[in-house]
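Asker: Sharing a structure with you now.
The values are calculated or read from the model by the stated rules, or taken from the named source; none is laboratory data. On a predicted model such as this, the values are computed, not experimentally measured, just so you know. Every residue, glycine among them, receives a Cβ derived from its backbone with ideal geometry; neighbour counts consider all protein chains shown. Calculation scope for accessible area: heavy atoms of the full protein, side chains included, ligands and nucleic acids excluded. Shrake-Rupley method; radii C 1.70, N 1.55, O 1.52, S 1.80 Å.
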Amino acid sequence: ETKMDALVKMGPESWKGWAEFNMQHITRTFPNYKTSVAGENLNPLIPWSMGCQLVSLNIQSPGAEVWVNDGRFRENGSCGYVLKPNRLIHGRSQASSAMREVTSKIETEFPVIVSLRVLAGNRLPRRSPCKVAKKSSILPFNPRVRVSLYDGIVSDHKNVMPLHHNTKVVKGNGLNPTWNESKTECANFKVLSPSLAMIVFSVWDVQDDGESGTFVGASAVPVSCMRQGYRSVPLFDQNHMRIGMHSFASLLVNARIRAGNETKENEKSIDLPLGETSTNMS
């Protein structure tokens, strides 16, 4: 983990050099012992984008990084390894290499713009009863959805931190909350590395302060596995399972993907190459 942090600070040339190294070698990363005690994790997209094959995490501590890891390997039904993108296995194709002089074996991806409208929720699990003023009471359920983009590192991506979008808070309704975001209110992310990027949907129960919240459920979806249109996103609990109250919890979203170089006057939706085993958005 310390090495990964150092490579990020060294810049794009170091990232590309490490990715080229991993075309012929196997690399495994481990959490720093200090973060292991605290239960913290490095964003797994950082070593993945450099071609690292084995990325270890502190899975005993639930968090966004663990959700991302869980979503990545649910791509094939959680039954084994997931192949790296071809550009990190074979490098630049001969055709693209012949077109122009290149300084790296890693082929650059074409960015896409992902628009996600959170429309509604279904059967969100209520938080546990708590003690307030020595009397048992159940606080009102005020769900809010956070949509986060975890993008892979590319040459012109200076900020490796995830991007977030928060919906409004729905007061007192966890059974069938409705956000019905418009096109101007929804999440719009420019994804620079579609083959690696992950979208995380997380639901939080927000109380009076309007900022902090209690975790309700989450789901991570690879951008390469997303389908356009109206989609149901299943929610998982802190242990990445759909049992008990989480068995039927889900979000209804509308997804749209278009080329990143398209202007508003010439917008055109595109279809990403989708695997037959993608099961995150049905």
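Asker: Suppose we filter Val82, Val55 for residues that are touching a helix residue (DSSP H, G or I) at 6+ places or on another chain (Cβ under 7 Å), open to solvent by less than 50 Å² (accessible area, probe 1.4 Å) and more than 17 Å from Asp151 (Cα to Cα); which single one remains?
Answerer: On the way: Val55 fails: more than 17 Å from Asp151 (Cα to Cα).
Every option except Val82 fails the conditions.
Asker: Select from the range 160-186 the residues that are more than 13 Å from the chain's Cα centre (by Cα) and assigned to a strand (DSSP E or B) and write down the one among them that is surrounded by the fewest Cβ atoms within 10 Å (Cβ to Cβ).
Answerer: Out of the qualifying residues, it is Thr178.
Asker: Within the range 1-35, track down each residue that is of a type in the set (Gly, Ala, Ser) and at negative phi.
Answerer: The first filter runs over the range 1-35 and keeps only residues of a type in the set (Gly, Ala, Ser), leaving 6, 11, 14, 17, 19.
Selection gives Ala6, Ser14, Gly17, Ala19.
Asker: Let me ask something else. From the list Ser36, Ser49, which one is among the hydroxyl-bearing types (Ser, Thr, Tyr), buried (at least 21 other Cβ atoms within 10 Å of the Cβ) and either farther than 26 Å from Ala255 by Cα or modelled with pLDDT of 85 or more (or both)?
Answerer: Details: Ser36 fails: buried (at least 21 other Cβ atoms within 10 Å of the Cβ).
Selected residue: Ser49, the only one of Ser36, Ser49 that is among the hydroxyl-bearing types (Ser, Thr, Tyr), buried (at least 21 other Cβ atoms within 10 Å of the Cβ) and either farther than 26 Å from Ala255 by Cα or modelled with pLDDT of 85 or more (or both).
Asker: A follow-up question, please. Looking only at the range 45-92, count every residue that is among the hydrophobic types (A, V, I, L, M, F, W, C), closer than 14 Å to Ser195 by Cβ and touching a residue at least 60 places away in the same chain (Cβ under 8 Å) and tell me the total. Show your work before the answer.
Answerer: Applying the first criterion (among the hydrophobic types (A, V, I, L, M, F, W, C)) to the range 45-92 yields 45-46, 48, 50, 52, 54-55, 57, 59, 64, 66-68, 73, 79, 82-83, 88-89.
Next, from what is left, pick out any that are closer than 14 Å to Ser195 by Cβ: 45, 48, 50, 82-83, 88-89.
When the remaining residues are screened for being touching a residue at least 60 places away in the same chain (Cβ under 8 Å), the result is 45, 48, 50, 88-89.
The total comes to 5.
Asker: Hey, could you check the range 209-225 for residues that are modelled with pLDDT of 90 or more and over 19 Å from Trp179 (Cβ atoms) and say which is most open to solvent (accessible area, probe 1.4 Å)?
Answerer: Within the range 209-225, the first condition is being modelled with pLDDT of 90 or more, and the residues that meet it are 215-225.
From what is left, the residues that are over 19 Å from Trp179 (Cβ atoms) are 220, 222-225.
On the way: Ala220: 1, Pro222: 0, Val223: 0, Ser224: 26, Cys225: 6 Å².
Step by step, filter the range 209-225, then rank; the result is Ser224.
Asker: Residues being modelled with pLDDT under 60 and either within 30 Å of Ala218 (Cβ to Cβ) or among the β-branched types (Val, Ile, Thr) (or both): count how many of those fall in the range 72-102.
Answerer: Counting residues in the range 72-102 that are modelled with pLDDT under 60 and either within 30 Å of Ala218 (Cβ to Cβ) or among the β-branched types (Val, Ile, Thr) (or both) gives 1.
Asker: Which of the residues spanning the range 10-29 are under 12 Å from Ile46 (Cα atoms), open to solvent by less than 40 Å² (accessible area, probe 1.4 Å) and in a helix (DSSP H, G or I)?
Answerer: Trp15, Ala19
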